[in-house]
Structures are given as C-alpha cells and as structure tokens.
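**Q** This structure is in structure tokens; I'll ask about it shortly.
The values are calculated or read from the model by the stated rules, or taken from the named source; none is laboratory data. Since this is a predicted model, take the numbers as computed values, not measurements. Glycine also receives a Cβ, built like all others from the backbone with ideal geometry; neighbour counts cover every protein chain displayed. These area figures cover heavy atoms from the full protein model, side chains too; ligands, DNA and RNA do not enter into them. Shrake-Rupley method; radii C 1.70, N 1.55, O 1.52, S 1.80 Å.
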Amino acid sequence: MISEWRIVVTYNSDKPMKYCELNYTYFGTSKTLENKIWKHYNENYEDYGKAEAVEVELIRDNIDK
C-alpha cells in the first residue's frame, strides 16, 4: 500500500557552521521508502557529502492513488 511520508535529511560539510537540510514529501511503500533512505546515506549531495541524519514521519497511511 502507498503511504505519504515526510522526509527530513541533514547534511554537514567540513565547515562546522555550514549544513544543509532537505525537507520533502514522498509517496510510496515502506520498501521503496527504505531504499530512498539508504540512497541518502550512500550517495553524496552536492558539496556536503553523505547524509548524517534522515528523519521520517508518516503523514497518511494506505492512500488510494
């Protein structure tokens, strides 16, 4: 079943006061969500490198699309 999730990803750089936070909504199953989370941890984002933290919040469960 498809659910709606809020994902907040935090990236840090080599400079202590510089960080980036991505905040977006994702529609998918729990398995595709897991793949999405691991992608943030395994791939670099621009100049920041890999994610340091990924927070996930379930917004709506079992959406009919």
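**Q** Do we find that LYS65 is among the charged types (D, E, K, R), modelled with pLDDT under 90 and open to solvent by less than 100 Å² (accessible area, probe 1.4 Å) in this structure?
**A** no
**Q** Can you tell me how many residues in region 11-32 are in a loop (DSSP other than H, G, I, E, B) and among the small types (Gly, Ala, Ser)?
**A** Result for region 11-32: 1.
**Q** Which residue out of ASN35, ASN62 is assigned to a helix (DSSP H, G or I) and not charged (D, E, K, R)?
**A** On inspection, the qualifying residue turns out to be ASN35.
**Q** State which residue is most open to solvent (accessible area, probe 1.4 Å) when the search covers only region 11-28 and only residues that are modelled with pLDDT of 95 or more and polar (S, T, N, Q).
**A** Looking at the filtered set, the residue picked out is ASN23.
**Q** Picking from GLU57, GLU52, GLU34, GLU46, which residue would you name as being loosely packed, with under 11 Cβ neighbours inside 10 Å and within 12 Å of the chain's Cα centre (by Cα)?
**A** GLU57
**Q** Now, a different point. Please go through region 35-63 and pick out each residue that is in contact (Cβ under 8 Å) with a residue 12 or more places away in the chain and charged (D, E, K, R).
**A** Across region 35-63, the qualifying residues are LYS36, GLU46, ASP47, LYS50, GLU52, GLU55, GLU57, ARG60, ASP61.
**Q** Right, another one. Only one of VAL54, VAL8 is at pLDDT 95 or above, assigned to a strand (DSSP E or B), of a type outside the set (Ser, Thr, Tyr) and in contact with an Asp or Glu (Cβ under 8 Å, 6 or more places away or on another chain). Can you tell me which?
**A** The conditions single out VAL8.
**Q** Six or more apart or on different chains, Cβ atoms under 8 Å: show the pairs whose first residue is in region 6-34 and under 20 Å from ILE59 (Cα atoms) and in contact (Cβ under 8 Å) with a residue 24 or more places away in the chain and whose second is of a type in the set (A, V, I, L, M) and part of a loop (DSSP other than H, G, I, E, B).
**A** VAL9/ALA51; THR10/ALA51; THR29/MET1
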